[in-house]
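Notes for the one structure printed next.
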Amino acid sequence: MNGPYDLVIRSRYAVLPDGERPAAVAVRSGRIAAVTGRDAALVAVEEVDLGDLALLPGLVDSHVHVNEPGRTEWEGFATATRAAAAGGVTTIVDMPLNSLPPTVTVDALAVKRSAASGSCAVDVGFWGGAIPGNLADLRPLHEAGVYGFKCFVSPSGVDEFPALDEAGIRDAMTAIAAFDGLLIVHAEDPAGLAEPDGPGYAEFLASRPPGSESAAIARVARLAAETGCRTHVVHLSDAGSLPLLAEWRGRGARISAETCPHYLTLAAEEVPEGGTEFKCCPPIRAGANRAGLWQGLADGAIGCVVSDHSPCVPELKKGGFDTAWGGISSLQLGLPVVWSAARARGHGLGDVVRWMAAGPADLTGLTAKGRIAVGADADLVAFDADRTFVVDPGALRQRHPVTPYAGRELTGVVEDVWLRGEPAGHGRLLRRDA
């Protein structure tokens, strides 16, 4: 195609799949048409020179609870996707709970897509759910474009999304393997969980020990090996389970894992008294465990970092750790949170992009996302990697200003975001097969 490009963005520090270097990225019809040297002679309708700002691919967050419809007072597509865009996230994949109805049938998926239509500032895909009684719905949901299926092996926290027992997991895996789909699993063994003995964080942490994760992961990995189902462990908090995952991969299980910014940057011993904004499941564990998760990222044992953005109305965060809702809101802050900690450990922006853009894109099969490469969607982020700021909850775009990062100084500011070569703000609803 002849004629000028729609947009050319130049940067002295572009994070590309094969490394970081000066580059110019040319966009035509919403896709990246060329990646050249920074000073290449390119003709465009619009040209942007970022100077020393880094140019990143838009992040992909494959673990977001939008909660709409049904619990829109907790969050919603308009507020969640605005928060995503402000944080450099250009694609999210919405979890099948805590919306009403949960996304466990094709009809429920249609309701979800209708609720999201016209409200999204970034692109949005959808997970389906695997629960008792919906085995016959899995293939139709797959054919309707969901990116995979979420299940729990312990109570989910909402009655309309019950957990699967071992037989249910095996049946779901067998069905999903038949069409080479993906099952993602909240892995905490119910036999290892207990009600907290009190309202404090120590009691809450003791009620969900690391062994509950490792026991669930062992069971899920064994079933993955038996059925051949591609399986993914969501929000891994227990670094001690990493050798178990490696062992089962060696035995043929197609199993991967993710972790979250809060597990990488917060520690149990730092949780303040009454600080229920820190509550999540699995829980934030000790600092030594946090170091193990970073090692897992460095080794490649953990493939991606995603938010598990799980907001609620502030009233549900009141009370003690024994009764407050478990969920952390970090969709807008994930990039600076992870970058601040990663650079202190000697990691570069290329590592962060691999964990937060390419990794989640690869997991979900979003082949046009998460990388600056010819043919990919022109989802791009201008990022000031050296600028610091203090987290002001009132400046967050999510529906409720509740965050464990309030008052924390972070490094890294998102300056501009492009979605398919245009300023973010007009997201599309995505299908796995589109």
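Taking the condition assigned by TED's automatic domain parsing to the domain that holds Thr367, surrounded by fewer than 17 Cβ atoms within 10 Å (Cβ to Cβ), of a type outside the set (S, T, N, Q) and part of a helix (DSSP H, G or I), does Arg82 pass? Steps first, answer last, please.
Values: assigned by TED's automatic domain parsing to the domain that holds Thr367: yes; surrounded by fewer than 17 Cβ atoms within 10 Å (Cβ to Cβ): no; of a type outside the set (S, T, N, Q): yes; part of a helix (DSSP H, G or I): yes.
Criteria not met by Arg82.
Do we have Pro140 as surrounded by fewer than 19 Cβ atoms within 10 Å (Cβ to Cβ) and in a loop (DSSP other than H, G, I, E, B) here?
The answer is no for Pro140.
When the residues of region 278-309 are filtered to those that are charged (D, E, K, R) and touching a residue at least 60 places away in the same chain (Cβ under 8 Å), which remaining residue is surrounded by the fewest Cβ atoms within 10 Å (Cβ to Cβ)?
Lys279
Matching residues to (1) of a type outside the set (A, V, I, L, M); (2) in contact with a helix residue (DSSP H, G or I) (Cβ under 9 Å, 6 or more places away or on another chain); (3) touching a residue at least 40 places away in the same chain (Cβ under 8 Å):
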residue: Val153; (1), (2), (3): no, yes, yes
residue: Ala175; (1), (2), (3): no, yes, yes
residue: Pro190; (1), (2), (3): yes, yes, no
residue: Ala194; (1), (2), (3): no, yes, no
residue: Ala218; (1), (2), (3): no, yes, no
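Suppose we filter Asp6, Asp61 for residues that are within 18 Å of Gly370 (Cα to Cα), outside any loop (DSSP other than H, G, I, E, B) and not small (Gly, Ala, Ser); which single one remains?
After ruling out the rest, the residue left standing is Asp61.
Take the residues in region 360-379 that are hydrophobic (A, V, I, L, M, F, W, C) and farther than 21 Å from Gly148 by Cα; name whichever of them is surrounded by the fewest Cβ atoms within 10 Å (Cβ to Cβ). I'd like the intermediate steps shown before the answer.
Of the residues in region 360-379, the ones hydrophobic (A, V, I, L, M, F, W, C) are 361, 363, 366, 368, 372-374, 376, 378.
Add one more test, that the residue is farther than 21 Å from Gly148 by Cα, and what stays is 372-374, 376, 378.
Working: Ile372: 25, Ala373: 15, Val374: 11, Ala376: 22, Ala378: 26.
Per the criteria, the residue is Val374.
Would you confirm whether any residue within region 199-220 is among the basic types (Lys, Arg), in the same structural domain as Ser156 (by TED's automatic domain parsing) and more than 30 Å from Leu335 (Cβ to Cβ)?
Yes, region 199-220 has at least one match.
Where in region 169-277 are there helices (runs of 4 or more DSSP H), lying wholly inside it, with at least 2 residues that are of a type in the set (A, V, I, L, M, F, W, C) and under 21 Å from Ala298 (Cα atoms)?
Per the criteria, 242-250.
Just one of Ala382, Ala341, Ala378 is touching a residue at least 60 places away in the same chain (Cβ under 8 Å), in contact with a helix residue (DSSP H, G or I) (Cβ under 6 Å, 6 or more places away or on another chain) and not assigned by TED's automatic domain parsing to the domain that holds Pro22; which is it?
Checking each option against the conditions leaves just Ala341.
Any idea which of Gly421, Gly427, Gly412, Gly365 is touching a residue at least 12 places away in the same chain (Cβ under 8 Å) and assigned by TED's automatic domain parsing to the domain that holds Ala85?
Gly365
Go through region 100-110 and report how many residues are buried (at least 21 other Cβ atoms within 10 Å of the Cβ) and either β-branched (Val, Ile, Thr) or in contact with a helix residue (DSSP H, G or I) (Cβ under 6 Å, 6 or more places away or on another chain) (or both). Please lay out each step first, then the result.
Narrowing region 100-110 to residues buried (at least 21 other Cβ atoms within 10 Å of the Cβ): 102-104, 108-109.
Those still in the list that are either β-branched (Val, Ile, Thr) or in contact with a helix residue (DSSP H, G or I) (Cβ under 6 Å, 6 or more places away or on another chain) (or both) too: 103-104.
Within region 100-110, residues that are buried (at least 21 other Cβ atoms within 10 Å of the Cβ) and either β-branched (Val, Ile, Thr) or in contact with a helix residue (DSSP H, G or I) (Cβ under 6 Å, 6 or more places away or on another chain) (or both) number 2.
Cβ contacts < 6 Å: first residue in the same structural domain as Glu160 (by TED's automatic domain parsing), restricted to region 54-75; second residue part of a loop (DSSP other than H, G, I, E, B) and aromatic (Phe, Trp, Tyr), any location; separation 6+ or different chain. Result?
These pairs meet every condition: Asn67/Trp74.
The values are calculated or read from the model by the stated rules, or taken from the named source; none is laboratory data. Since this is a predicted model, take the numbers as computed values, not measurements. Quick reminder, even Gly has a Cβ in these numbers, built from the backbone with ideal geometry, and neighbours come from all protein chains shown.
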